[in-house]
Amino acid sequence: MEGYRKKVAICGSRGFGSYLARAILETGEWELVILSRNSQPDLTASGIKVKPVDYSSVDSLYHVIKRQQVDTVISVIPDAEVQLNIIDACLMAGVRRFVPAEFETSPEQRPLYVSGDKMSVLARLEQVSTQLEYTAFSCGLFMETFAPGGWSEASNSYNYSWNDGSFLLDLKHKKALLPVDNAGSLETVICLTSAVDVARFVAAALFLRSWQPEMKMFGDRLRLRELLEVAQYVRAREFKVKVIPEDDIEFQILRTPDWKTQRELQTMRNILGHEYNIDKRYLNAKFPDIRAITFEDFLRQYWRASTH
Ligand SMILES: NC(=O)c1ccc[n+]([C@@H]2O[C@H](COP(=O)([O-])OP(=O)(O)OC[C@H]3O[C@@H](n4cnc5c(N)ncnc54)[C@H](OP(=O)(O)O)[C@@H]3O)[C@@H](O)[C@H]2O)c1
């Protein structure tokens, strides 16, 4: 890595990208540049370096990344075509490490037949792993899903509004809609981590000498039944609970024309498929000083016992 500095580029300025930027700057050890489709004057005004890029052009990406002498590139852009272009540019520019836009389910837990955006990016990374070290960070569901306004509000994202705070649990109205397997049970495991903690683990992992293809973490690990119990405990009220059986989920995914509902149903299907069951706390063990918040403590930051 001759000539390369301790410098990270984050592709994507908002959403989880802003959490990462904060955590990386907080280490005080890394220079940061954000690659964005726009000039982002608000970020520049707060002292963050932003470089506008054209993600459709590998050449344009290559020139920016090369000129910036970046060591590690982190993508928060879920689009596969964009990520494949970034990977090509990283290879041309001799970047050492790349992080794809995962930060959610465990690739190891995905069914073998599954294809799609995330898998095509991971397949490409595996192909080029001798030139470009990579890792997929797996953390389960962001706890911010259950903050008021959900991830949309927590992430200040202008193009990602599938979650309005009523997915699985509606803490405001004390309701729940939970997926049940074909045996009718609420025993499926779901792992959750606050996006703040995920970003801190990612920032810490930048200092690791070598990376595994997947690095796992979680703040809490609960059965769906326990997820509901914690929410009810924090709100001090019983929730009105509806369940949706596995077969109905598949049927409704095909039937609904609404993109937001489709995303929610697909996520429920993936929960029942155990993709949110992160089996190891690899990064929690590596970085014991990072004390990831529990689901109950997270909810208590936002929600009080209900008075009605
Ligand atoms: N575990 C969870 O529960 C959970 C929840 C939400 C997200 N995530 C994960 O976190 C990552 C980021 O998600 P997010 O919600 O933060 O994403 P996002 O808000 O949709 O996008 C993040 C940034 O990427 C850039 N971008 C988005 N779409 C683009 C496109 N088509 N072409 C070029 N740039 C694009 C934008 O930055 P510029 O405008 O600056 O170019 C945007 O601000 C993903 O890997 C996602 O799977 C996990």
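The values are calculated or read from the model by the stated rules, or taken from the named source; none is laboratory data. No experiment lies behind these values; they were computed from the predicted model shown. Because the Cβ atoms are built from the backbone with ideal geometry, glycine has one as well, and the counts that use them run over all protein chains shown. Only protein heavy atoms, including side chains, enter the accessible area calculation; ligands, DNA and RNA are left aside. Shrake-Rupley method; radii C 1.70, N 1.55, O 1.52, S 1.80 Å.
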Between Thr307 and Lys286, the two model label points (7 Å from Cα along the beta-carbon direction) sit apart by a distance in nm of 4.7 nm
Would you mind classifying the chain by shape? Square roots of the alpha carbon gyration tensor eigenvalues, ordered a ≥ b ≥ c; an a/c under 1.5 is rounded, otherwise it is prolate if a/b is larger than b/c and oblate if not. prolate
Can you give me the distance in nm between label points at Asn38 and Phe207, each placed 7 Å from the Cα along the Cα-to-Cβ direction? 3.5 nm
For the stretch 184-266, which trypsin sites (Lys or Arg not before Pro) pass both filters: DSSP loop (anything but H, G, I, E, B) and at most 16 other C-beta atoms within 10 Å? Arg209, Arg237
Residue-span extension gain [Glu187 to Ile253] - 0.36 nm each, minus C-alpha spacing: 21.5 nm
From Cα coordinates alone, what are the radius of gyration and Dmax values for the stretch 7-134 in angstrom? 14.3, 46
Answer rounded, prolate or oblate for the stretch 1-58, using the Cα gyration tensor with square roots of eigenvalues a ≥ b ≥ c: rounded when a/c is under 1.5, else prolate when a/b is larger than b/c, else oblate. oblate
Candidate aspartates and glutamates - alpha carbon under 14 Å from Lys216, same-chain residues fewer than 8 apart omitted: Glu102, Glu104, Glu108, Asp197, Glu275, Asp279
Environment charge of Glu108, counting only residues whose C-beta is closer than 15 Å and scoring Lys/Arg +1, Asp/Glu -1: -1
Suppose all protein chains stay in the model; what accessible area per residue would a 1.4 Å probe give for the stretch 1-103, in Å²? 42 Å²
Neighbours of Ser13 by Cβ distance under 14 Å: Lys/Arg at +1, Asp/Glu at -1, summed charge +4
Sum up the charges of everything whose Cβ sits under 13 Å from the Cβ of Leu61, counting Lys and Arg as +1 and Asp and Glu as -1, but leave Leu61 out. 0
To the nearest 10 square angstrom, what accessible area does Glu81 show with a 1.4 Å probe? 140 Å²
Estimated inter-spin distance, Lys51 and Asp164, nm [label 7 Å along Cα→Cβ]: 4.0 nm
Is the C-alpha gyration tensor of the stretch 169-308 telling us rounded, prolate or oblate? Criteria: a/c under 1.5 is rounded; beyond that, a/b larger than b/c is prolate, otherwise oblate. oblate
Probe radius 1.4 Å, ligands and nucleic acids ignored: give me the carbon and sulfur share of the accessible area of the stretch 7-134 as a rounded percent. 49 percent
Hey, can you find the accessible area per residue of the stretch 175-308 for me, probe 1.4 Å, expressed in square angstrom? 52 Å²
Any chance you could look up the accessible area of Glu29 with a 1.4 Å probe, heavy atoms only, rounded to 10 Å²? 100 Å²
For the chain, longest principal axis from Cα atoms; helix 259-272 axis from its Cα atoms; angle between them, nearest 10 degrees, is 80 degrees
Stretched fully, the stretch from Ile244 through Lys175 gains (0.36 nm per residue minus C-alpha distance, one decimal, in nm) 23.5 nm
Within the stretch 278-308, list the trypsin sites (Lys or Arg not before Pro) lying in a DSSP loop whose Cβ has at most 13 other Cβ atoms in a 10 Å radius. Arg291, Arg304
For a quick check of your reading of the filter: which chymotrypsin sites (Phe, Trp or Tyr not before Pro) in the stretch 1-74 sit in a DSSP loop and have no more than 15 other Cβ atoms within 10 Å? Tyr4
Within the stretch 7-134, what is the number of lysine pairs with alpha carbons under 25 Å apart, leaving out pairs fewer than eight places apart on the same chain? 5
